[in-house]
Every structure is written in structure tokens, then in C-alpha cells.
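Colleague: What follows is a single structure, and I will ask about it in a moment.
The values are calculated or read from the model by the stated rules, or taken from the named source; none is laboratory data. Since the structure is predicted, the reported quantities are computational estimates derived from the model, not experimental observations. For neighbour counting, all protein chains shown are included, and Cβ atoms are generated from backbone atoms with ideal geometry for every residue, glycine included.
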Amino acid sequence: MKFMETIIKKIDKNNIEGNTIREAGEILKNGGLVAFPTETVYGLGANALDEEAAGKTYAAKGRPSDNPLIVHICDYEDLRRIAVNIPPETDALAAHFWPGPLTMIFQKSDEVPYGTTGGLDTVAVRMPSDPVALALIRAAGGFVSAPSANTSGRPSPTTAGHVIHDLEGKIDMIIDGGAVDIGVESTILDMTVSPPMILRPGAVTAEMFAEVIGPVDIDRTILNAESNIRPKAPGMKYRHYAPRARMMIVQGDIRDEILAIRQLAYAAHRRKKKIGIIATSETLPFYKYGIVKNVGTRENEKTIARNLYRVLREFDQEDVEVIYSESFAMTGIGKAVMNRLEKAAGHQRIDAAEIVKLQQYRRIIFVSGTDSARGPIAAELLRHQDLLQEYVVDSRGMVVLFPEPVNQKAEAVMRSAGMTMENHFSQQFDGESIPDDTLVLALEEGQKVKLRAEYENIKNIFTLNEFAQDSLEIPNPYGKPLAAYGECLEALRKLTGALAEKLNSMAEGEELWEKYM
Ligand code: TXA
Ligand code: MG
């Protein structure tokens, strides 16, 4: 396609510059293309009643021309010029949801060219609420066809920057009205059937329709992986909204999702694969490996809808190979979010519980007398082992009255071995709420016996020797010269090596990672 100069103009929604709108309106009237903000996503506008203009839209987007366009209007009366056999419920729906994120499908009038409807006898119509969009539609003569202003197959644009990235040089003008409010495309409701049917979920939900006109149907391909059923909205069949990376949705209860994604991210880290994680404000702190992005808060699905496409685009910029996404509540706009995620993922899902059960222990606590030498040494040594699974490794003491730094000789021998425990302060063991995926390893038999007697709730208490299946004695260096600490370190090095081997032999599913990354 021949490159052209694209005019880019900023506009203030609260103080709309008339000249910009007039200029854009003239371009549309003359058969040109103008991208503009709506409350859902940015649209790529053309004169809807001009067959040739619609054709240009397909070319600019690189979109198959059997995929029909939505006609945007700014006055309810104008609906009657482009649609016929308008069912009576339309008035109530328009009164409640127009202008706004709702598209309705009707039989088309003769005024609408087949080039706009992708050859269909029906037409999709929407009256957006964004004041810039309304002013532009009016300036263009009242009927503006607009698909999302992205290159076909890319996430829909939620900022002018996204449009510039995809379409600069291919269209006449881009109006920059800042970031959109909603972030996912309008709800599409097919009014040619009774009851009306939702073909694409959006900010207006089935529950909201039900309150106005009673129950509506939902196209069952919306959240379904069955590829042999054809979605009723032609555009929904494409692997739309697709990020460049392979994407997978991790599904389960939230705890399982976090643990499973941690396991996947750790396995990827070991394989030096660059991966992304779609997380929320609430879950962000749990992830240590991979590029983690906050898509919004679980307390408000609207924030997730608003950020979703931006986050997917950012991952493209980062060149990650795989993206793991948490799944989100299906309430309110959540259904639209999950529908877009499913499409971005090409319906690839991972059952979180399946992954979680591949790892038996997640936390290891070494317990010694005062948590000032042997325990912290063992913990630090284990952290330096090559482990197939990720563990949170800590140490605690049987009797710790107040936090103290480690024994100076212990630190000295660790330093000469290239490690340090300078951030460690001794801490009393507290066995009250230790979950079953925690492994408690005492350094002496007596300590183990005592712990077992005191904490019947803890499932996994062993000595380090016992669990590592190695009878090597751990000398107690306390009060002895530096050399004794050195001997202790060497013994613990061998034992933590044996422990690592034991843990690695228990790590299941190693061969599975290929499938998930
Ligand atoms: O929020 C939105 O609706 C945005 C903004 C720009 O208004 N527009 C948008 O357009 O998402 P687009 O072209 O990306 O998606 C339009 C969807 C496609 O899935 C298309 O197949 C469907 O609407 N559609 C359009 N006309 C239709 C018709 N007559 N029958 C069934 N589906 C139709
Ligand atoms: Mg689109």
C-alpha cells in the first residue's frame, strides 16, 4: 500500500476544537479515513454510505472484507434511514444504552452498501457516547462506519499511540482524544431474532438487558473452545486480539493460579525463556520471575477491561515468548474480558490444579537451636543449589529470645566460600499454621523429636540427614575455633547437595514444560 501523510491532531474532550472536527468531517465526506476515539476503543472511520470508502478501511486494516463494519450514528432518528423492520424493544434499549457501548443489528435499508455490511442483508449500528466521536459523526454527515482502528489480528487500540503504531501512513488522519474509558469493544446484540441474542459481550451485560426487555440469548460460541461451531458475528471467528506471543490462561481458584504460574515462571526461568505474566494489584507481589504486568484490580473488573489491550501490546514490545494470564471473575464486564482473553489465547487453557499437584513442597524451614549458625548456613547453601522447583527457604530456632545477626565465625567461613548471611536475623520457630507443603528439617534428632511432640499439626518434620538419606554427621561448632565452623560448612554442603538431589528426584512434570512454554 502507498504511504501517505497522516495528519495527527490532539483534541480535548471537554473543549472540542471545532476546526479539527470540521477538517476530519470533510476528509470523511470526501471518502477518506479518520481514526477517532470512542468510549470503547479507537475506531477507524469512513463514510458508511460510500462503498468505496468502506473498501479502503479493509485495505488499511488488512482485514478480510467479509467482516462487516459497524455504522456509527449520532441521532436516534437516523437509525430509520439505514435499518428496516426495527423491532419495538429497540426504543427501550436505545433509551437506556444509547449513546453508549451497545451495537444493535437490524435488517439493512437500501441506503447501506453491501461493501459496508460485508455482503450481509443486516447492518450493525451504534451510537457512541464519546463527545469527540459524536461531533465527528455529525460533521461527517451522520453515518460513519468504524471497525476498531488496529491492524487486523492485533489487540484493539485504546490510545492514539496504538493507532499511530498500526496505521500511520495508511490513513488520512488520527484524532488523539487520550486513553479510552471502557477498553473493550461494544456489546453486540442481534435484534433480528427473538429474543435478541448477544453476539459479543461488552460493558452492557445480559443482566442489564434483562432489566429492560427481559431475558436475551447469548451466542454460545462466545466463551467456548469448540471451533466447529461458527460464531454469528463474522468477526468473532478470527483469532482476533492476538498478541505475538503464545498465550495461555491459567484457570483454577486464585491460590492455585498463583502457585501454578509461579511454577511455570520458575521452569521458564531455568530454561532461559522470556515469559510474561498478566497479574492484578492483589497478586503482583507473589511473582518473582518473568515480566509481570498489573492489568488492574480484582475489586473492580472495569480496571481490567481498561488495561487489557494495552498490556497485551506492551508484551509484544517486550518480545516475550509466552504469556500466562490469571483468569478473572465473569461478573459485569468480566465476561467480556474473559472472552477477549480466550480469543487472544486461541482458547489455550492450563488447569492450575494439575500444575500445582506436580510440586509437593514449596517451603523449607531449617530448624536449629538458636538459628545463628547451622540453620542459616544450611538455608543459604540450599539456595545456591540447582533446584528443579522453586522453594522458599528459611531457617528458625528452637530458642530465640530476640533477633540477632549470625555468629561471626559462621559468617566468616561463608564469606570465604563466596556467600553471605548478612541479612539474616535469628527468629523463633512458630509452628502454629504450617501448611502441608512445608518441609521442616531439624538439624539434630533431639530437635526433631521435640518439634514432633509439640506440633501435631505439622505433617512433615524430619531431620536433614533423614530426609536427605545421608547419615553424615553435622558437627556442632559452637564455642570452637574457626576451623570447626569450616568443617560444619563442608558437612552441610554435602548434605544440602544430597537434599537437592532428593528434592529434584521428587520434581514431577519436568517433561511437561515443553508443552506449556
Ligand atoms: O466498540 C466497538 O464496537 C468498536 C468501536 C470503534 O465502535 N468497533 C468495533 O468494530 O469493535 P469491529 O469492526 O472491530 O467489530 C465489529 C464486529 C465484528 O465482529 C463484526 O463481525 C460484527 O461486529 N458485525 C458487524 N456487522 C454485523 C452484522 N451485520 N451481523 C453480525 N455481526 C456483525
Ligand atoms: Mg476489531
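Colleague: Mind telling me which of the residues E52, E77 ends up being free of Cβ contacts under 8 Å to residues at least 40 places away in the same chain and either surrounded by fewer than 18 Cβ atoms within 10 Å (Cβ to Cβ) or on the phi > 0 side of the Ramachandran plot (or both)? If you could, list the steps in order and put the result at the bottom.
Modeller: On the way: E52 fails: free of Cβ contacts under 8 Å to residues at least 40 places away in the same chain.
Only one candidate passes the filter, namely E77.
Colleague: Kindly indicate which of S194, S145, S156 is more than 24 Å from T303 (Cα to Cα), within 13 Å of ligand 1 (Cβ to nearest atom), assigned by TED's automatic domain parsing to the domain that holds T38 and not acidic (D, E).
Modeller: Being more than 24 Å from T303 (Cα to Cα), within 13 Å of ligand 1 (Cβ to nearest atom), assigned by TED's automatic domain parsing to the domain that holds T38 and not acidic (D, E) holds for just one of S194, S145, S156, which is S145.
Colleague: Could you tell me which numbered condition A35 fails, if it satisfies all but one of (1) within 16 Å of ligand 2 (Cβ to nearest atom); (2) not in a strand (DSSP E or B)?
Modeller: The single condition A35 does not satisfy is (2).
Colleague: Taking segment 91-122, which residues are among the hydrophobic types (A, V, I, L, M, F, W, C), within 12 Å of ligand 1 (Cβ to nearest atom) and over 28 Å from I11 (Cβ atoms)? Talk me through it step by step, then tell me what you get.
Modeller: Here is the first cut: in segment 91-122, the residues among the hydrophobic types (A, V, I, L, M, F, W, C) are 92-95, 97-98, 102, 104-106, 112, 120.
Narrowing further to those that are within 12 Å of ligand 1 (Cβ to nearest atom): 102, 104-106, 112, 120.
The answer is I105, F106, V112, L120.
Colleague: Being more than 23 Å from Q389 (Cα to Cα), buried (at least 17 other Cβ atoms within 10 Å of the Cβ) and at pLDDT below 95 is the requirement here; does G509 meet it?
Modeller: no
Colleague: Something else: Looking only at segment 120-179, count every residue that is away from ligand 2 (no atom under 16 Å from the Cβ) and at positive phi and tell me the total.
Modeller: Qualifying residue count, segment 120-179: 4.
Colleague: Then there is this: Out of (1) more than 9 Å from ligand 1 (Cβ to nearest atom); (2) in a loop (DSSP other than H, G, I, E, B); (3) within 37 Å of the chain's Cα centre (by Cα), what's the single condition that is false for V41?
Modeller: (1)
Colleague: Next up: Does segment 16-32 include one or more residues that are over 20 Å from A160 (Cβ atoms) and either at pLDDT below 95 or among the β-branched types (V, I, T) (or both)?
Modeller: no
Colleague: Let me ask something else. For segment 440-464, how many residues meet the condition of being closer than 16 Å to R374 by Cα, in a helix (DSSP H, G or I) and in contact with a strand residue (DSSP E or B) (Cβ under 9 Å, 6 or more places away or on another chain)?
Modeller: 4
Colleague: Residues in segment 379-417 that are loosely packed, with under 13 Cβ neighbours inside 10 Å and in contact with a His (Cβ under 9 Å, 6 or more places away or on another chain): how many?
Modeller: Number of matching residues: 0.
Colleague: Further question: Go through segment 229-245 and give me each residue that's more than 12 Å from ligand 2 (Cβ to nearest atom) and either in contact with a His (Cβ under 6 Å, 6 or more places away or on another chain) or at pLDDT 70 or above (or both).
Modeller: Within segment 229-245, R230, P231, K232, P243, R244, A245 qualify.
Colleague: G431 - would you say it is at pLDDT 95 or above, outside the structural domain of Q348 (by TED's automatic domain parsing) and surrounded by fewer than 20 Cβ atoms within 10 Å (Cβ to Cβ)? It would help to see each step written out before you state the result.
Modeller: Working: at pLDDT 95 or above: no; outside the structural domain of Q348 (by TED's automatic domain parsing): yes; surrounded by fewer than 20 Cβ atoms within 10 Å (Cβ to Cβ): yes.
It is false that G431 is at pLDDT 95 or above, outside the structural domain of Q348 (by TED's automatic domain parsing) and surrounded by fewer than 20 Cβ atoms within 10 Å (Cβ to Cβ).
Colleague: Given the criterion out of contact with any Lys or Arg (no Cβ under 9 Å at 6 or more places or on another chain) and basic (K, R), identify the matching residue among K480, K515.
Modeller: After ruling out the rest, the residue left standing is K515.
Colleague: Also: State the number of residues belonging to segment 44-56 that are more than 9 Å from ligand 1 (Cβ to nearest atom) and in contact with a strand residue (DSSP E or B) (Cβ under 8 Å, 6 or more places away or on another chain).
Modeller: Here the count works out to 6.
Colleague: Does A412 fit the bill of being under 26 Å from E501 (Cα atoms) and assigned by TED's automatic domain parsing to the domain that holds L495?
Modeller: no
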